[in-house]
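K.L.:
The following block contains the structure, expressed as structure tokens.
The values are calculated or read from the model by the stated rules, or taken from the named source; none is laboratory data. Just so we're clear, the structure is a prediction, and the values are computed from it rather than from any experiment. Every residue, glycine as well, gets a Cβ built from its backbone with ideal geometry; the counts of neighbours run over all protein chains shown.
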Amino acid sequence: MMDNWFTIDKIDNETIIISEYRHWEETHCYLLNGKEKSLLIDTGLGISNI
């Protein structure tokens, strides 16, 4: 049931948006990939593990 909770959209090679469209708030998390590190900006609801 939670397997389909997130929608993943690749903007470019460094930017991924992880969305929770199944909830009425439709929150988004952003994964920014660098050469040495990545940054997850998590504004999600916490309903399911990313």
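K.L.:
Being out of contact with any His (no Cβ under 6 Å at 6 or more places or on another chain) and of a type in the set (Ser, Thr, Tyr) narrows it down to one residue among Ser48, Ser19; which is it?
P.N.:
Working: Ser19 fails: out of contact with any His (no Cβ under 6 Å at 6 or more places or on another chain).
Among Ser48, Ser19, only Ser48 is out of contact with any His (no Cβ under 6 Å at 6 or more places or on another chain) and of a type in the set (Ser, Thr, Tyr).
K.L.:
So which residues in region 1-18 are within 11 Å of Ile50 (Cβ to Cβ), assigned to a strand (DSSP E or B) and at pLDDT below 95?
P.N.:
Once the filter is applied, which keeps residues that are within 11 Å of Ile50 (Cβ to Cβ), assigned to a strand (DSSP E or B) and at pLDDT below 95, region 1-18 yields Ile8, Ile18.
K.L.:
Could you tell me whether region 23-45 includes any residue that is small (Gly, Ala, Ser) and assigned to a loop (DSSP other than H, G, I, E, B)?
P.N.:
Step one: filter region 23-45 for residues small (Gly, Ala, Ser), giving 34, 38, 44.
Add one more test, that the residue is assigned to a loop (DSSP other than H, G, I, E, B), and what stays is 34, 44.
Yes, region 23-45 contains at least one residue that is small (Gly, Ala, Ser) and assigned to a loop (DSSP other than H, G, I, E, B).
K.L.:
Let me ask you something else. Filter the chain for residues that are under 13 Å from the mean Cα position of the chain (by Cα) and of a type in the set (Phe, Trp, Tyr); which is surrounded by the fewest Cβ atoms within 10 Å (Cβ to Cβ)?
P.N.:
Tyr21
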